[in-house]
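Pasting a structure here, questions to come.
A short reminder: the numbers here are calculations on the coordinates, not readings from a lab. Because the structure is predicted, anything quoted here is derived from the model rather than measured. Cβ placement follows ideal geometry from the backbone for every residue including glycine, while neighbour counts extend to all protein chains displayed.
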């Protein structure tokens, strides 16, 4: 790909990359550093990039993810055991409650969700953000995080269940009758 | 398959992630179980709620995220999380630099960049040297040990990159809130800040480099100062030097008052490091003789007391 074309593609994704970096780092200066490092590495690896249907965004996210976890001195992948949707769910993880969110006050939902998302385990939060904020498909998320597709499905579902449970209090306060999870 | 195993598939169905066979299977469940449809709707709403909550920074004005915009065709408000303007400018400058700069061999490229070296090289050539020895001029009094292992490779890379970034975009430096404006007042300030004895003078004008700006920097550690110097215009060069100072807390295992090379003179941004009187110094430059001269000048200044 021509350098100028790569430049334009990469720059067009900067807001998305920064947004993701902000949610990972939770601090604007660190997010800016992450983004800068990501683009530096992207430039270095430009020759290996192939433009496909997915565009450059998942590729940049993958680099960002690697930069973030390298800096955090963690393994790039979360638990070594692949989570299998077919496996029996742990006893303490019930499905989240189910009700019509449209009847809630959105401002309150926003605040509660922000807090709840911030408190999610890291590997759930990253999947959630890639999916909900950046609109990546499951397969793209699996590629960014270098995990199995089933792992993405599992983490995403569990993250949503946790959030749904956190929002249940708000629903009850608002007088909304909720179904406390499907057995 | 029990319900706890089915529900993730309902969520994936709500996300449009299932293949045809899986979709048909879920649709049959939705048809057969009254609660399944509600569960699918709830998952869709939850996704929208997460997206709208996380695209904005302060949760006040709500921005409709791009994935929803693509699907719904609605327009969004304007308070989404966006890359800061200065960050965008830095990265654009970085990309422009990569796009416009033609690759040149390391030594020849450095000579071209510094401009005036042709005259110096001619003198040395007349003296019997060859052009590339300009970058390898040695001082009889300067002991230097080449050791690339004393600093983690990642940190070396970060130092070089930060030098490039900040010298190209000086605003990148995060200035100290209470540092003095005058260079001559900085040794006492940074001695107190870093907990050691900084050299009595940080002025490099004697070797042709003017001080531009100082900022805080965490690359060498939790507490550090990064000074940038630019070649004086009358020198005919446009290169820069970065000087980092950090407390000597034992993290850099080298002999005191001995110069170590951690990035070679043949690299685009050579790096040297040394310890003196409670401070660890890192010099990064675009031109190897410049950092050698800078070291010699700093060391000659002696410690601040």
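Counting only C-alpha contacts under 8 Å and six or more residues apart, can you give the relative contact order of region A:1-68 as a whole percent?
Working: 49 pairs, mean separation 28.6, N = 68.
Relative contact order comes out at 42 percent.
Exposure proxy check: A:136, B:183 ranked by fewest other beta carbons within 10 Å? It would help to have the intermediate numbers written out before the result.
Values: A:136 24, B:183 17.
The fewest-first ordering by Cβ neighbours comes to B:183, A:136.
Could you check the simple spin-label distance between residue B:154 and residue A:146, using points 7 Å along Cα→Cβ, in nm with one decimal?
Computed distance between label sites residue B:154 and residue A:146 equals 1.3 nm.
Given 10 Å bins starting at zero, what is the percent of C-alpha pairs of region B:135-256 in each, up to the one with the largest pair distance?
P(r) over region B:135-256, rounded to whole percents: 11, 38, 41, 10, 0.
Right, another one. Hey, fewest Cβ within 10 Å first, where do B:27, B:259 land in order? Could the numbers behind the result be given before it?
Numbers: B:27 15, B:259 21.
By the 10 Å Cβ count, ascending: B:27, B:259.
Order of B:144, A:14, B:54 from fewest to most other C-beta atoms within 10 Å? Write out the running numbers ahead of the final one.
Values: B:144 15, A:14 19, B:54 27.
Taking fewest neighbouring Cβ atoms as first place, the list is B:144, A:14, B:54.
Obtain the nm distance between the two label points defined at residue B:37 and residue B:145 by a simple spin-label model: each point lies 7 Å from its Cα along the Cα-to-C-beta direction.
7.8
Residues of B:162-171, mean number of Cβ from any other protein chain within 10 Å of their own Cβ, rounded to a whole number? Before the final figure, lay out each step's value.
Values: counts 2, 0, 1, 3, 0, 0, 0, 0, 0, 0.
That average works out to 1.
Apply the a/c threshold of 1.5 to the C-alpha gyration tensor of region B:174-218 and tell me whether it is rounded, prolate or oblate. Don't skip to the answer; put the middle values down first.
Details: a/c = 1.90, a/b = 1.29, b/c = 1.47.
Judged from the Cα gyration tensor, region B:174-218 comes out oblate (a/c at least 1.5, b/c at or above a/b).
Under 13 Å from a point placed 7 Å out from the Cα of residue B:205 along the Cα-to-Cβ direction: which residues of region B:169-186 have their backbone N that close?
Only B:182-185 pass the distance filter.
What percent does the relative contact order of region B:144-233 come to when contacts are Cα pairs within less than 8 Å and at least six residues apart? It would help to have the intermediate numbers written out before the result.
Working: 95 pairs, mean separation 22.6, N = 90.
Averaging sequence separation for qualifying contacts and normalising by length gives 25 percent for region B:144-233.
Say each of residue B:168 and residue B:28 gets a label point 7 Å from the Cα, pointing the same way as Cα to Cβ; how far apart are those two points in nm?
Label-label distance for residue B:168 and residue B:28, simple model: 5.8 nm.
Provide the FRET efficiency to the nearest 0.05 for the residue B:267-residue A:115 pair, computing r from the beta carbons and using R0 = 56 Å.
Working: r = 47 Å, r/R0 = 0.84.
Efficiency for this residue pair is about 0.75.
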